[in-house]
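Structure first, then comments.
None of the figures in this text is laboratory data; all of them are computed from the coordinates on show. All figures in this text were calculated on a predicted structure; none of them were measured in a lab. Counting neighbours? That spans all protein chains shown, and the Cβs are built from the backbone with ideal geometry, glycine included.
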């Protein structure tokens, strides 16, 4: 019997299994490929690498014949999916459809989770606001400026609520200005012992709201002193500056004072209060009403 290499594979389709075989006679080089015992390809004098493509049903298949460096033969059966065939076009279309469906499913789950988290957050906020509204106590509280770590997070300020035998600290992580001072939510720099009105629940002091836009009268006077010093140290301008502060505070509140404080700061350093917001504000409030 002539010496021959024999290999076989089973191709599984929706219509059943198909037996694929190759018989390669080494001395003559003659080669035959069978599908379900029927010859579908023949070739002669195959003494080097070769490839053979054929269809099983609508699937394009390929057998690769390779001669190794040591003179042995290797045979590989594979499905060809990178050639434009009706089945491959259908497969790509179906793959895109499944991809879109998968993306939509993932987005749906993500939106559901976001909705659940948001719903839980707003329900919690509603409960806290209701508790503060029904059991709220208003108290002046001083803020401490001090960089510190709490529960693995960095903060640069905090305030402490004390009520009866209970105590609770709220930690603040605020942006800083070019002087490395924390900027309070009202736009002005925060300094140690600045004082604001805090509303908290008598039943649960963790339910609290610090209103940085409602400073105490003492704090308003402190802000005025800081601004007067920053605007001009010349006592001859004190009357004009006080007048300007009154007009700006009446029309713009603390936000207007923040524009005055940061009037020489470019927008890239402070987006909310800078030389542009100062210029627009002065056109609006009419600072010329104050006479020297």
| message | Above 15 Å lies some portion of the pair distances; for the range 121-162, what is it as a whole percent of all C-alpha pairs? | response | 63
| note | With label points set 7 Å from each Cα along the Cα-to-Cβ direction at residue 279 and residue 216, the distance between them in nm comes to 4.0
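Per DSSP H run of at least 4 residues, take -39500 (n - 2.57); add these up for the chain, divide by its residues and hand me the 222 nm value, nearest 500 deg cm²/dmol. Working shown, then result.
Details: 4 runs with 100 residues, N = 292.
Here the helix-only value at 222 nm equals -12000 deg cm²/dmol.
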| field | Crossing angle, helix 86-135 versus the chain [Cα axis fit, 0-90 degrees, rounded to tens] | value | 20
| field | Entry for Rg and Dmax of the Cα atoms in Å (calculated from the structure that is shown) out of [x] 36.7, 117; [y] 19.1, 61; [z] 40.0, 121 | value | [z]
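Report the calculated FRET efficiency for residue 6 and residue 103 (r = Cβ-Cβ distance, R0 = 35 Å), to the nearest 0.05. Please list the in-between numbers first.
On the way: r = 47 Å, r/R0 = 1.33.
Efficiency for this residue pair is about 0.15.
Going by the alpha-carbon gyration tensor, a ≥ b ≥ c the square roots of its eigenvalues, is the range 23-67 rounded (a/c under 1.5) or, if a/c is not under 1.5, prolate (a/b greater than b/c) versus oblate? Present the calculation step by step, with values, prior to reporting the outcome.
Details: a/c = 3.09, a/b = 1.63, b/c = 1.89.
Oblate is the answer for the range 23-67, as a/c is 1.5 or above yet b/c matches or exceeds a/b.
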| message | Can you give the FRET efficiency to the nearest 0.05 for residue 93 and residue 50, using r as the Cβ-Cβ distance and R₀ = 41 Å? | response | 0.80
| request: Using per-residue counts of other Cβ atoms within 10 Å, averaged over each peptide, order 253-266, 61-74, 207-220, 25-38 from highest down. | output: 253-266, 207-220, 25-38, 61-74
| remark: Nearest 10, in degrees from 0 to 90: the angle of helix 275-285 to the longest Cα principal axis of the chain is 50
| field | Where labels lie 7 Å past Cα in the beta-carbon direction, separation of residue 206 and residue 180 in nm | value | 3.4
| note | Each label sits 7 Å from Cα toward the beta-carbon; between residue 36 and residue 165 the label points are separated, in nm, by 8.9
